[in-house]
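What follows draws every value from the coordinates through simple rules; no lab data is involved. Source: prediction; values computed, not measured. Cβ atoms come from the backbone with ideal geometry, glycine included; neighbour counts cover every protein chain shown.
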Amino acid sequence: MTAISNKKRLADYFHKYRVPPGGTRLLLVNTVFSSVPLGMIMVIQPLYLKALGYTSSSIGLLLGIASLSSMLFMVPGSLLSDYFGRKRVLMVSIVTYALYMAVFSVSSDVYLLALASILSGFSWGVYSAPFTALLAAKVGEERRSYMFSFNSFLFSLATILGNLSSGLVNVFEDVLLLSPITSYKVLFVAGALVEGLAIIPLLRLTEEKRSASKDTKIVKLKAWKVVKKFSFVNFLVGFGAGLFIPFLPLYLNMRYAASEALIGTVLAASDAVVAIAFLASPSLVERIGAVRTVVVTQGLSIIPFVMMPLPIDVNAFTLLYAVRTVLMNMASPIFTAYMMSVVDDQERASVSGITTMAWVGGNAISSFLGGYLIDINLDLPIYLCSVLYVLATSLCYFFFHKLDPKR
């Protein structure tokens, strides 16, 4: 009887991940096609720029332009999606990202690449808010946390696939005898084509008419009080992450003299485990509630994080980093789904844009500080990041635990 009961519970659990037909499936397909190029770009863009002869500072400048552009367009993009329609803004975002990769495939001029970086930042700046709002609208509240987690699961898998596809550069060089720069350009073209496929499911997507008026403004948000709390928590998490996470490859190289292959393995292994963990987080929500799930997982993630500077070998470091990453990241879709459940439908895109901008803004600011802190002490960013995570987790409980529905 126990075995049968366990099988039934397991079947019921996975049944909740059954994707309903229609808009939800179309949005998840969009996630896959738009995430594969992103995973590839994360690996090949800096290497391509280096092959073109750009210095590290110039590469950092182009990457910084994209981040700044993303932050600046987040709130305007969310308001435009509430005004013109979320589907339309999402489609513009995809076309813009494909155009960015197309420019990189045909030009090495710094000004054109800077313009392309702005297009890249614009694309991701306006993508998140309408997508989050559309997915929240397509899924009922009971299964919302499951679908957001499943979307994050697909995002992780597609990103890993994109990371692995960057190895085709070596295949093009060895088998087709292409030059390194030409090989990179072929991948940029391929990435633009795959990104273009992401628009196909959106063509079939229907967007429900909403009661939002055409004069929607940030100051008129009914949820402005709670939005400020969500934004402050996101800002602290983003600020903490920016102190260390972007510099992880540099940290591993300086501490362990790690090669690019080893660094890539560390990141890929962490992403793979995170993808699986995304599927487990909704079960915690059902048992202890959304806010408590976020607080428990993020709080526990700080323990392996502060242990990473201990005198350990790279294998132990990888294990601690993987555990930290799983616990920290598995709460992200739950927090997003919870946020969408406490604001009105017509304000979801705007709220998503504002809170995401808070995270990106904090991350952008602290990224400039992270490199400086590493020069002072290699482990200092980890400790400061941990302090900010403790503060953010504590405030999350203080702000929202009374609003958490009993499970």
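In table form, for the structure just shown:
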quantity: Relative contact order of the range 14-209, pairs being alpha-carbon contacts under 8 Å that are 6 or more residues apart, as %; calculated: 42 percent
quantity: Size of the range 14-209 as Cα extents on the principal axes (Å, biggest first); calculated: 52, 36, 25
quantity: Full-extension gain in nm, ALA316 to ARG255, via 0.36 nm per residue minus C-alpha separation; calculated: 20.6 nm
quantity: Peptides ranked, highest mean first, by Cβ atoms within 10 Å: ranges 35-42, 85-92; calculated: 35-42, 85-92
quantity: Label point distance in nm, VAL273-PHE398, each placed 7 Å from Cα along Cα→Cβ; calculated: 3.1 nm
quantity: Efficiency of FRET from Cβ geometry, ILE200 and LEU161, R₀ 22 Å, rounded to 0.05; calculated: 0.75
